[in-house]
Each structure stands twice: as structure tokens, then as C-alpha cells.
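Here is the structure we will look at.
The values are calculated or read from the model by the stated rules, or taken from the named source; none is laboratory data. Predicted model, so just to flag it, every value in this text is computed and none were measured. All Cβ positions, glycine included, derive from the backbone under ideal geometry; neighbour counts span all protein chains shown. Note: areas computed on protein heavy atoms with side chains; ligands, DNA, RNA excluded. Shrake-Rupley method; radii C 1.70, N 1.55, O 1.52, S 1.80 Å.
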Amino acid sequence: MINVMIVDDEERARTGIRTLIDWNSRGIAIAAEARDGVEALEPLRETPIDILLTDIRMPEMDGLTLIEKVTETYPHIKCVIMSGFDEFAYAQKALALGASDYLLKPSRTQEILDTVLRLIETIETERRQVNMLEQLKTGFRESFPLLKEKTLSRLVLSENPPYERSLSNLTINGIEFPYLFFGIVVLQIDNFHTLQRTYSHEDIELFKYGMKNIAEETLAGPFRGAAFEHQDDIVLILNTEEWIGAETLLPYAEKLQHNIRSYLKFSVSIGIGSFDKQVSHLRTSYSEAVRALDLRYFIGTEKIVDYTEAMGDEPADTSYPLAQEKAILQAVMTGDAAEIRAKLQQFHAALKPEGTSKEHVLKSTLALVFALYRFCIEKNLNTTEVFGQDLTELTHILGHSSMDYILQSLSDTLLKITEQMNVKKNSNKLFESVLDYIQKNYHKDISRETVAREVFITPGYLSLLFKQEMKTSFLDYLHKIRTDRACELLRSRVLRISDIAHDVGYNDEKYFYQVFKKYTGMTPSQYRNNLSD
């Protein structure tokens with residue numbers, strides 16, 4: 001049963017929503033009603049509510065404040081704002097505060113019902129995902145995967161593992177390989193690092209645990225199988241009574257992809273190795289499957305590739321496209337987004353990814369990234385804003401991404417650099433106008449505030465510009481300009497020192513003496529006397 005609460009200061013509106021729709025027939029109950037936000041908070045503490053329908057303008061506490069409190073305290077509740085046409089701006093604010101949808105008053109009963117039913121679908125999907133994660137957590141805690149994982153990994157990855165002892169250890173865990181033929185299927189999460197950014201480490205481990213379960217269950221009928229994790233991939237050992245080819249495995253691989261997408265909501269690519277007699281063939285089959293997945297690196301996501309597609313001579317590495325790198329940097333200097341994308345595509349084409357090794361493409365891409373990083377340092381740009389806090393994960397990100405994703409990421413990075421370049425250019429122009437104003441008006445009674453007002457910026461930002469561009473403060477720069485001008489005027493014996501002080505912007509002659517000595521090491525009189533010497 002889905003529980004709904006109605007909050008509206010008009011009793012007729014609440015009654016209409018409650019009585020004009022047959023809620024019970026759809027498994028929905030109007031569990032509570034309230035006249036305003038304050039009155040609504042009490043039943044929320046006592047009654048489990050799934051969907052909240054609330055008006056905006058109400059006494060005591062309006063709908064926006066109510067949604068804000070509900071979203072903070074009961075984040076699972078789906079809030080729907082009901083507003084008049086002239087209150088649409090409030091509806092937009094409500095959505096920003098956490099509302100799931102909005103209805104324009106007056107609303108037809110069918111519109112209200114459709115909105116509620118749509119939210120129920122979302123609620124049910126979320127509940128299924130929560131239940132599935134809870135089931136996975138229970139299975140994860142209750143199992144003892146360490147010995148199984150270690151033994152399976154040794155069978156596949158070690159050069160000369162103790163086969164008999166390993167198979168005996170697996171039998172203790174209820175895993176048997178009674179047939180003659182062995183082969184490997186490797187599952188790789190597409191754009192794995194994006195999943196890491198969205199979910200916690202525990203959730204990622206649960207996802208991989210779920211992948212292993214789905215893989216074993218999907219292929220349990222026709223094959224004996226066992227899965228383990230290696231370097232964020234899922235490796236599935238298959239044991240068959242007779243030899244099978246990749247074409248036989250293809251429909252099962254497609255079903256496996258479908259099941260993972262349906263239950264875990266992300267896509268995987270699958271590499272298939274060859275089958276042969278004896279458990280010792282697993283190492284060869286694994287190498288074939290991984291090499292097939294390396295080919296997937298260049299052809300996109302959610303692919304199924306087998307060892308036959310990776311057969312043939314090793315691809316030859318090509319030289320690094322230095323000319324294309326320079327063209328990219330030149331395009332960044334001009335700030336033309338279309339030109340930047342075009343030069344990046346030329347860099348990609350020059351790598352010839354379809355005819356070279358994955359390692360060469362990764363190294364070349366990293367070389368371009370480091371060239372961009374150095375460019376940012378040379379131009380005094382904020383590398384953290386462009387590249388993030390940590391570059392150490394870059395190799396991992398590149399190795400677990402499709403070429404399309406890498407190109408898009410590089411394009412985004414280049415545009416960030418261009419944005420910073422534009423900001424810096426604008427700052428330079430602004431700062432030039434600041435310096436020009438000071439040069440023309442240093443002799444007047446000016447301050448940080450008056451200069452900032454003249455160029456339409458805040459005094460704080462003016463101080464920041466001086467710190468960034470001149471490595472000094474506004475006041476130090478102004479005193480230096482005035483002192484230099486005073487030194488020029490002191491060459492004339494006709495001018496009195498008090499007049500010079502006034503001419504360079506100091507109304508207080510004593511203060512002028514203090515500033516002049518600070519910046520020259522001498523009093524104005526001493527400076528003039530030294531000139532005659």
C-alpha cells in the first residue's frame with residue numbers, strides 16, 4: 001500500500017483530491033491531511049508517508065518550507081507541489097529544493113492520478129534496488145569468498161599452479177569441474193571509473209559480487225562455471241563436456257549482458273577465450289579473452305568480442321603525433337571550440353588506434369595530458385580546476401574507458417583550459433585598466449576603494465589582482481609609483497620638498513618623508529644632496 005498525504009489550506013481542495021479519485025482500487029491510501037506545513041509535520045512523525053501533495057501558499061508554514069524540511073528529514077518521500085499559473089517560479093524553486101514533480105492548479109483528477117502513479121513506479125523501482133542490495137549484502141557477509149577467489153585466480157593466472165591441490169580446495173567449497181574442456185569469459189564494466197565516482201567502495205564491491213552471481217547463474221544450465229574478480233574485471237571459468245566455439249557462447253553472452261543491465265543498471269563488455277582440453281589451458285584462454293577486450297577498447301562499449309577477432313600479427317606501434325599535439329595547443333590559445341575538437345580528432349586519427357596497440361594509445365594519450373598540464377603551469381592556470389585533485393588515477397581511468405569516452409573527456413579538459421585562458425585574458429585587460437588609472441591619477445587622493453569603484457570591481461578583488469599579477473599589495477604599488485615620481489622631481493632645485501610631496505599625492509609632508517625613506521633608504525633631502533654629489 002502506498003500512503004499519500006494532502007496538505008492544502010482549502011478544505012474543498014483536499015476533499016476533491018480525496019473523493020474524486022478511487023485510490024483504494026490502485027493500492028493507494030490517503031493516510032493523512034493537513035491545512036499547512038506546521039500541521040503536516042506531526043502526522044509525518046507517526047505515519048509512514050510515500051507521496052506528499054502540497055499547496056504553496058498556506059498560513060503558518062508554506063509549501064516550500066515544508067518540502068525543504070521533508071526532503072531533509074524524510075528523503076524517501078516524493079513531494080509534489082501544487083501551484084497556480086502565476087506561481088510557477090515557486091514551483092521551480094520547489095523542484096530545486098527536492099520536489100519530484102508539480103501540478104498547475106486547477107488540476108484535473110486524471111493529471112493528479114497520472115502524477116501519483118508515475119511516482120509510484122519510481123518508488124517501486126527504488127524499493128526493488130534497495131531489496132536487491134540488501135540481499136547482496138546478506139549473501140556477501142554469509143559467504144566465505146576469500147579461499148575461492150584465491151584458488152580460482154591461481155588456476156587462471158599462475159604459470160604453473162598446483163592443479164590437483166587447487167581443484168581439491170575448490171571441491172571443499174562446493175565447486176567441481178568434472179568435464180574435459182576449459183575456457184574463459186572475461187566481463188569488464190564499461191567506463192568503470194564513472195561508477196566509482198557515483199557509488200561508495202562497498203557498493204562497488206557489491207556490484208562486482210552481484211556480477212559474479214549473475215554470471216554463474218546465467219551460464220549454470222549448459223556449463224559448469226565459477227567466477228572470480230581480477231583487477232576490477234570478472235573472470236568466469238567455464239567447464240564443458242565437449243569443445244565449443246565462440247558462436248555457441250554468443251547467445252549466452254548476450255543474455256549475460258542483458259541480465260547485468262537489468263539488475264545492476266550498468267553495461268559490460270565481454271571477451272571470450274578459446275576452449276581446449278585440460279585445466280592448464282585456462283591461462284591461454286584468459287590471455288585471449290583479455291586481448292579480445294583490448295580490441296573492444298577501440299570499438300566502443302557493451303561489445304562481445306572473441307579470441308578469433310584478436311588473432312593475427314601483433315599490431316605495430318606508431319610514433320607519437322607531436323605535430324598534432326602542437327596544433328591542439330595552438331587551438332587552445334585561439335580559444336576556438338570547434339577548432340579544438342577538430343585538432344583533437346586529428347590527434348586521434350594520427351594514433352591509428354585500429355592498427356596499433358592499446359598500450360601505445362594509452363601512453364600517447366597520457367603524453368598529451370601531461371603536455372596540457374605543463375601548458376597550464378606555464379600559463380599560470382589553476383591545474384586543480386582543470387585536472388582535479390589527483391592525477392595518479394589517470395592511468396586507471398584511461399585503461400577502463402572506451403575511446404569515445406576518452407576523447408570526450410579530453411575535449412572537456414581542453415574547453416576548461418580555454419575557459420581559464422579567457423578568464424585570465426579578461427583579468428589582464430582589467431588589470432591593465434587599473435594600472436593605467438593609477439598612472440594617470442597617482443597624484444590625487446586615491447585609495448584602493450576609489451580605484452576599485454572606477455573599474456567596477458570590489459576592493460577585495462582589486463587586492464587579489466595585485467597579489468596575482470604583481471606579487472605585491474595595492475598600497476605598496478601606489479607608494480612605489482609616487483616615490484619614483486618624487487625622485488624625478490627632486491632633481492630640480494627650484495621645487496620645494498613640500499611642493500613635491502603634494503605633487504605626488506601626499507598632503508602630509510611628514511608622512512611623505514616616512515614613505516620616501518622606507519622605499520629609498522634616504523630622506524628626500526639626503527636623496528637630493530646625493531644627486532649633487
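Some values worked out for this structure:
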{"item": "Residue in region 428-460 that is modelled with the lowest pLDDT, counting only those that are out of contact with any Pro (no Cβ under 8 Å at 6 or more places or on another chain) and among the charged types (D, E, K, R)", "result": "429"}
{"item": "Residue that is farthest from residue 113 (Cα to Cα) [pool: residues in region 1-13 that are open to solvent by less than 80 Å² (accessible area, probe 1.4 Å) and under 43 Å from the mean Cα position of the chain (by Cα)]", "result": "9"}
{"item": "Residue within region 396-409 that is surrounded by fewer than 16 Cβ atoms within 10 Å (Cβ to Cβ), part of a helix (DSSP H, G or I) and modelled with pLDDT of 85 or more present", "result": "no"}
{"item": "Test: residue 177 is modelled with pLDDT of 85 or more, over 20 Å from residue 234 (Cβ atoms), more than 37 Å from the chain's Cα centre (by Cα) and open to solvent by less than 40 Å² (accessible area, probe 1.4 Å)", "result": "no"}
{"item": "Residues of region 299-323 that turn out to be over 28 Å from residue 248 (Cα atoms) and at pLDDT 70 or above, as a count", "result": "5"}
{"item": "Meets criteria (in contact with a strand residue (DSSP E or B) (Cβ under 8 Å, 6 or more places away or on another chain), farther than 21 Å from residue 170 by Cα, outside any loop (DSSP other than H, G, I, E, B) and in contact (Cβ under 8 Å) with a residue 40 or more places away in the chain) for residue 282", "result": "no"}
{"item": "Test: residue in region 272-283 that is among the hydrophobic types (A, V, I, L, M, F, W, C), at pLDDT below 90 and buried (at least 23 other Cβ atoms within 10 Å of the Cβ)", "result": "no"}
{"item": "Members of region 49-97 found to be part of a loop (DSSP other than H, G, I, E, B) and open to solvent by 90 Å² or more (accessible area, probe 1.4 Å), listed by number", "result": "57, 60, 75, 76"}
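Conditions (1) in contact with a helix residue (DSSP H, G or I) (Cβ under 8 Å, 6 or more places away or on another chain); (2) without any contact (Cβ under 8 Å) to a residue 24 or more places away in the chain; (3) closer than 22 Å to residue 114 by Cα, marked per residue:
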| site | (1), (2), (3) |
| --- | --- |
| 21 | yes, no, yes |
| 34 | yes, no, no |
| 41 | yes, no, no |
| 46 | no, yes, no |
| 70 | yes, no, no |
